[in-house]
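Visitor: This structure is in structure tokens; I'll ask about it shortly.
The values are calculated or read from the model by the stated rules, or taken from the named source; none is laboratory data. Treat the numbers as computed from the prediction; the structure is a model and nothing was measured. Here the Cβ positions follow ideal geometry from the backbone for every residue, glycine too, while neighbour counts run over all protein chains shown.
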Amino acid sequence: MSGLALRCEHRPTKVLSFGRGVRKLSAGGIEEKTVAENENNIEQKTQGVPKDTPERNCLDAVKDNLAGVIGQEKASAFIKGVVADGYFDLALLDQARLLMRKLAAIPDAEKVISALLNSEIDRLRAFAVTVQFELHGSKLDVMVRFLYRSGAMPGTWTQEMSQSMLKDVIHKHGLEKVLSKVYRWATNNDPAIRRMLIEAIRPRGVWCKHIDELKHDPSILKEILEEVLDDPSEYVRKAAANNINDISKDNPTIVCQWVKEWSKGKITPEREWVIQRGLRTLVKDADPTALALMNFGGADKLDVVWKKGTPETVRIGEAIPFTVVITNRDSKTIKVRLQVTMIGPGKGDKRRISKYLLGTMTIAKGESKEMAKSIKFAHKNSVRKVAGNYELLLSCSGRDIDKRSFDYEGEGL
């Protein structure tokens with residue numbers, strides 16, 4: 001970490017040990033969790049995040065938690081006030097913001113934070129993180145100590161909110177000032193702490209404000225990422241790969257240069273996985289350097305035949321078949337990547353582009369191989385397919401092969 005240390009306030013000669021697991025907090029009740037337990041539970045993720053409804057919500061749990069701090073009567077009145085403010089009419093994120101503001105406004109909110117953080121319910125612990133930032137976001141040292149505690153607690157809600165608030169702390173106090181306090185977390189014992197840092201310093205991230213400074217110059221991230229390229233935790237490696245993928249969208253040349261350095265000599269399977277996933281957007285976009293780094297070269301030495309069989313019309317739920325025959329004319333084995341790009345109507349005049357990996361294979365010199373795959377034509381999450389003409393572009397290791405089209409007439413077809 002020498003390069004980063006030179007740019008930060010602290011220059012330790014060894015990794016600072018923050019301890020193992022979750023600390024017990026005041027007001028008691030939360031059991032200490034070990035790093036091993038975090039490793040076992042850390043991959044468990046929520047299956048979708050629906051908004052609260054009158055039939056299914058977290059308000060009773062909030063009320064029960066608050067009753068121990070402000071009393072049953074005031075807790076009931078608090079929840080009635082939340083509902084009266086239109087809680088159930090709001091989207092999920094706005095529901096969380098409303099609760100956060102009202103919780104932060106309760107007199108003696110410190111006790112509220114402690115009670116929420118000591119709850120056995122993951123979502124309530126996440127509320128504690130947001131209230132803490134609302135009240136103490138301007139106090140850097142206070143927030144760093146708090147997030148180190150909350151980020152190590154089990155539960156998707158708590159861990160995701162902790163990394164999100166760490167990103168907000170960066171926006172509030174500045175990147176280098178915050179990194180000088182937390183960059184050593186990259187080598188912490190606990191994978192939840194390592195992952196929190198790597199996620200929080202993603203230049204883009206998901207559902208959050210981008211860190212423009214990192215989009216313009218990501219160089220300060222290099223040494224931090226190098227600490228986790230060989231990480232034993234898949235949870236941490238996914239964050240590292242996503243961070244690298246973020247950087248590649250604004251700085252493809254820098255990422256490819258880093259990967260060249262990181263790929264020298266024999267590398268671990270963990271590092272290979274991080275690199276492959278980190279380059280995924282560049283590979284999809286047929287960046288020639290990224291394709292070469294992943295050994296997808298020699299496309300000009302391949303004869304590729306896309307057999308007939310594309311339907312003229314397609315319904316939702318139907319599979320579109322692809323049968324491709326590839327012949328290697330080179331004198332050496334070639335690694336091949338087949339991809340389909342679907343270009344169809346979107347909102348207004350915009351075209352919607354989706355990319356599908358058909359598969360990869362290696363083909364020896366003089367050999368021919370056939371790949372038979374299909375992609376499902378379906379609505380994706382909340383994005384529904386629009387009626388109209390769709391183009392299919394087949395490419396092989398970045399080289400465009402052929403283009404066809406089909407019609408989708410809508411749900412009534």
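Visitor: Please enumerate the residues belonging to region 160-178 that are farther than 15 Å from residue 142 by Cα, in contact (Cβ under 8 Å) with a residue 12 or more places away in the chain, surrounded by fewer than 18 Cβ atoms within 10 Å (Cβ to Cβ) and not charged (D, E, K, R).
Guide: Passing the criteria: 171, 175.
Visitor: Across region 114-144, what is the total count of residues that are in a helix (DSSP H, G or I), more than 19 Å from residue 176 (Cβ to Cβ) and among the charged types (D, E, K, R)?
Guide: Qualifying residue count for the region: 4.
Visitor: Which ones in region 249-260 are more than 14 Å from residue 230 (Cα to Cα) and free of Cβ contacts under 8 Å to residues at least 40 places away in the same chain?
Guide: First pass over region 249-260, keeping only residues more than 14 Å from residue 230 (Cα to Cα): 249-258, 260.
Passing the criteria: 251, 252, 253, 254, 255, 256, 257, 258, 260.
Visitor: Also, I was wondering about something else. Has region 179-187 got any residue that is crowded, with 23+ Cβ neighbours inside 10 Å, touching a residue at least 12 places away in the same chain (Cβ under 8 Å) and in contact with a Gly (Cβ under 9 Å, 6 or more places away or on another chain)?
Guide: yes
Visitor: May I ask you to list the residues in region 187-217 that are in contact with a Lys or Arg (Cβ under 6 Å, 6 or more places away or on another chain) and aliphatic (A, V, I, L, M)?
Guide: 200
Visitor: Quick one: in region 51-95, of everything that is of a type in the set (A, V, I, L, M, F, W, C) and outside any helix (DSSP H, G or I), which residue is surrounded by the fewest Cβ atoms within 10 Å (Cβ to Cβ)?
Guide: At the first step, the residues of region 51-95 found to be of a type in the set (A, V, I, L, M, F, W, C) are 58-59, 61-62, 66-67, 69-70, 75, 77-79, 82-84, 88, 90-93.
Those left that are additionally outside any helix (DSSP H, G or I): 58, 90-91.
On the way: 58: 17, 90: 16, 91: 9.
Among them, the one singled out is 91.
Visitor: Of everything in region 256-289, what is in contact with a Leu (Cβ under 7 Å, 6 or more places away or on another chain) and among the hydrophobic types (A, V, I, L, M, F, W, C)? Give them in sequence order.
Guide: Result: 256, 259, 262, 274, 279, 283.
Visitor: Quick check on region 305-331: of everything there that is part of a strand (DSSP E or B) and of a type in the set (Ser, Thr, Tyr), which residue is nearest to residue 397 (Cα to Cα)?
Guide: Restricting attention to region 305-331, the residues satisfying the condition of being part of a strand (DSSP E or B) are 305-306, 313, 319-328.
Imposing the further condition that a residue be of a type in the set (Ser, Thr, Tyr) reduces the set to 313, 323, 327.
On the way: 313: 28, 323: 16, 327: 14 Å.
Among those that are part of a strand (DSSP E or B) and of a type in the set (Ser, Thr, Tyr), it is 327.
Visitor: Which residue out of 251, 189 is more than 22 Å from residue 173 (Cα to Cα) and in the same structural domain as residue 275 (by TED's automatic domain parsing)? Step through it out loud before you land on a result.
Guide: Numbers: 189 fails: in the same structural domain as residue 275 (by TED's automatic domain parsing).
251 is the lone residue from the list that is more than 22 Å from residue 173 (Cα to Cα) and in the same structural domain as residue 275 (by TED's automatic domain parsing).
Visitor: Can you list residue pairs whose Cβ atoms sit under 7 Å apart, with the first residue in region 110-126 being not assigned by TED's automatic domain parsing to the domain that holds residue 153 and the second being of a type in the set (Asp, Glu)? Count only pairs 6 or more apart in sequence or on different chains.
Guide: none
Visitor: Among the residues of region 220-234, which ones are over 16 Å from residue 275 (Cβ atoms) and touching a Gly at 6+ places or on another chain (Cβ under 9 Å)?
Guide: Correct list: 220, 223.
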